[in-house]
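The structure appears below as structure tokens.
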Amino acid sequence: MADRDDPLPTLESAAAELPLAIGQLRRRLRRATGDSNLSWSQLSVLSRLSKEGAMSTSQLARSESMRPQSMGVLLAGLEQRGLVHREDHLSDRRQVIFHLTPAGAATNGQRRMARQEWLLRAISALSTEEQRTLVAAIKLLKQLGDSE
């Protein structure tokens, strides 16, 4: 049996439990927002285009940690649904840039609002101390996401 002062089992446990907890939260958010007909990657691209504006396929692929070919397939699906549209790149005619359509912006806005409403209700049910812990954990999760 490991010594209680040995942090390794705790770190191993955290490393095993964190992806499970994140997956469970993602599934719960997906149910709350009614996003069953779009993949998580598609929703992420809609959100990124909403926040950062028009981007090329290669820019989106880098920002989403995907291969450009995979991003191209994903964008084609969003374009077919009328959620994004393409335009020629202003400085490089070999590239195209993608924008949200009004339908894509509406889909993203409805999703964001539903997600935020559910999260506010869920977070409000936590104790004040749990809310403080969650705020601190969010900063750490962002730090983990930015690490190599």
**Report entry** Degrees between helix 40-52 axis and first principal axis of the chain (Cα, 0 to 90, nearest 10)
**Finding:** 70 degrees
Query raised in the report: To the nearest Å, what is the center-to-center distance of segment 125-148 and segment 30-97, using C-alpha atoms only?
Result: 28 Å
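So what's segment 38-146 giving for Rg/Rh, alpha carbon basis, Kirkwood Rh from the mean inverse pair distance?
Ratio value, two decimals: 1.08.
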Query raised in the report: If amide H atoms are built 1.01 Å from N in the plane of the peptide, which residues on other chains or at least 5 residues away come under 5 Å of the amide H of VAL96?
Result: THR57, HIS89
Query raised in the report: For segment 80-148, what's the relative contact order in percent, using C-alpha pairs closer than 8 Å and at least 6 residues apart?
Result: 20 percent
**Report entry** Nearest 10 degrees, 0 to 90: helix 128-146 Cα axis against the chain principal axis
**Finding:** 50 degrees
Query raised in the report: Once both axes come from the Cα atoms, what is the angle between helix 68-80 and the longest principal axis of the chain, in degrees from 0 to 90, rounded to 10?
Result: 70 degrees
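Any read-out appearing in this document is the output of simple, stated calculations on the displayed coordinates, not a laboratory observation. Please read all numbers here as calculations on a predicted model, not as lab measurements.
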